[in-house]
Structures are given as C-alpha cells and as structure tokens.
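This report concerns only the one structure given below.
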Amino acid sequence: MRTFGGFIASGERLYGEMRGENVHVLTKPYWLGLEFTGAVIPMGELQIDLPVAPGKLIAVGLNYADHIAEMKRTPLGTPLIWFKAPTSLLPHGGTIEIAFPDHQTDFEVELAIVIGAKTKNVSVERARDHIFGYTVGEDISDRDLQKSEKQFARAKSFDTYTPVGPFVYTEVEVSDLPIALRQNGEVKQQARTSQMIYSVAEIVSFASQGLTLLPGDLILTGTPSGVGPIHEGDQLEGRIGDWPALQNSVSRMQRNDK
C-alpha cells in the first residue's frame, strides 16, 4: 500500500507520498502523475490538509441494504448518484459547522474513490484501471432539507459537510474492509465494504456512462446503517480497515447577518 496526501508547509500547499515519518514532495498533485521534486520533509513539520481537489464530487446513495431499510426507502435497481459541491470538503482535524442547528443533521461514513485517469463509458471489467486510490469520507446530511426538497445537493453541500482523509491509499484491496464511525467514542456505524450493493467498479462504470470523469474526481460510495444526528461539541471518527482514522469535531456555523 502507498499513501499520498495534501499538506501545508510554511503557508504553502503541497502534495506528497508518505514513507515512514517523511513526506516525499511531488511536483504536482499525485493524480496527475508521480513526479518527485527530490525534497523530503518530516511529517512533524507539516500540517495535514485536504488530500484531494476534485473538479467533481459525486455521491452515491442507498448502497447498503440495511441503510435502505432504516431510511424506509426501496432499492432502485441502479446506483443513485448526485453531485455535492467541492466547497463542502473538509480536511482531517477540521470542524464540521452545522448550518441549521434546529434541523436534524446526520453523519454518514463512506468509502471514497479517487479517479486516476480520464474515464468515459468504461466497462465494469476495466473500471478499476481508472481508479487512483481510496480514502475515508463522510457525507454530512441535513435531513430536514433532504426530506423537503426533491434534490439532495443542497442538503449535503454546505461548507464543511464532506470531511475527507486524512490520506489517500493506492495498491490496496477494498472489496471487504471493515468500515465504522464513532461518535464521542461510541460505535454508531459498523459494516464491511463487501456489503455494498454496487462495487467500486460498478459505481465507476455507471457514473462514467455519458459523463466524463477526470483525474482527481472524488466519488463517495454510500453509507451503511446506523446514521444519526450530530451535535455541537461532538467528536467524530471515521475508519476503514487499518487506515488512520478521519477525525473531526462539530460546532455551529458562525453567521455574519447584516
């Protein structure tokens, strides 16, 4: 397994590959090619930032049978996809800011796919060739808005509503990994990626039909059962396999009303 990430060093953003306690700096984002500058920086001198900068952020819904049941929905027969705003992305260690504290706002932990090559109309059999790697993601969801509006995008696209990271992993098998979310140390979601109705290959193939996926695009693959509301002061921890956990805190969004 290889590990890549986005970092801040002396106020400057960079991408690199983690090797032990050091980061080997890349000349450009890893999804555009693995060309190294030769610089090596100790992790202790870096701030972990978003590991991705997608042009498109795609979400998949209703991809675990137990979650379909708890949401009182029925299977569609195909993946359910929609777009989230890339401005909703939040790095490891960042704070989720609840946009409407009087609304029910839920956590959802998900396996996320990072696209590594231009992809259109790809077959299921070839889809994995177009994946760079994977990371941990969360799809924070305003249920009041999701229930009252026909489109999901606004309910799931507020700033900070897509925590991702802390890193991206490649050369890793994700077909049967444990996936879990802890809220204030208590396990709330727990499943295995083998329980997904549609595999990562099927999702990438489906999303690419008539729609061009570009290197760096991010796809959230759906959440298992156990979703629940977040509250100011919460600490969330999303984990997949033995990867480092994605950790985020929760507060209320600060509004500057005029």
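All of the numbers you see were taken from the coordinates with simple rules; none came from a lab. The structure presented is a predicted model; accordingly, all values stated were derived computationally and were not measured. In this analysis, Cβ positions are derived from the backbone assuming ideal geometry, glycine residues included, and neighbour counts consider all displayed protein chains.
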Estimated FRET transfer efficiency when R0 is 22 angstrom, pair Arg19-Ala117 (beta carbons, to 0.05): 0.35
query: If you add up the charges near Thr212, with Lys and Arg at +1 and Asp and Glu at -1, over every other residue whose beta carbon is less than 10 angstrom from its beta carbon, what do you get?
result: +2
task: Give the peptides 2-10, 111-119 in descending order of average Cβ contacts within 10 Å, highest first.
output: 111-119, 2-10
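Per the helix-only calculation at 222 nm, which mean residue ellipticity applies to the chain, given -39500 (n - 2.57) for every DSSP H run of n ≥ 4 and division by its residues, nearest 500 deg cm²/dmol? Walk me through the intermediate numbers first.
Details: 4 runs with 24 residues, N = 258.
Theoretical 222 nm ellipticity from helices: -2000 deg cm²/dmol.
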message: If I take the Cα coordinates of the chain and project them onto the principal axes, what are the three extents in Å, biggest first?
response: 52, 47, 37
- request: Return the FRET efficiency for the residue pair Gln47, Val187: r is the Cβ-Cβ distance, R0 is 41 Å, and the value is rounded to the nearest 0.05.
  value: 0.90
query: By the scheme Lys and Arg +1, Asp and Glu -1, what is the net charge of all other residues having a beta-carbon under 9 Å from that of Thr105?
result: -2
statement: For the pair Arg154 and Arg73, the simple spin-label estimate (label points 7 Å beyond Cα toward Cβ) gives in nm 1.9
task: Could you work out, for the stretch 2-49, what percent of all Cα-Cα pairs fall into each 10 Å distance bin, beginning at 0 Å and stopping at the bin that holds the largest distance?
output: 30, 63, 7
message: Looking at the calculated P(r) for the stretch 134-174, what percent of the C-alpha pair distances fall above 13 Å?
response: 58
- prompt: Any idea how far the Cα center of the stretch 100-145 sits from the one of the stretch 1-28, in Å?
  reply: 23
query: Among Leu50, Leu218, Leu76, which one shows the biggest mean-square fluctuation in a GNM of the chain, springs joining Cα atoms closer than 10 Å?
result: Leu76
field: Cα-based Rg and Dmax for the stretch 186-258, where Dmax is the largest Cα-Cα distance (Å)
entry: 16.7, 50
- request: Straight distance only, please: which lysines reach the Cα of Lys56 with their own Cα at less than 30 Å, same-chain residues fewer than 8 apart left out?
  value: Lys28, Lys72, Lys84, Lys118, Lys120, Lys147, Lys150, Lys156, Lys188
- prompt: Fully extended, how many nm does the chain gain between Ser194 and Leu34 (0.36 nm per residue separation, minus their Cα-Cα distance)?
  reply: 54.6 nm
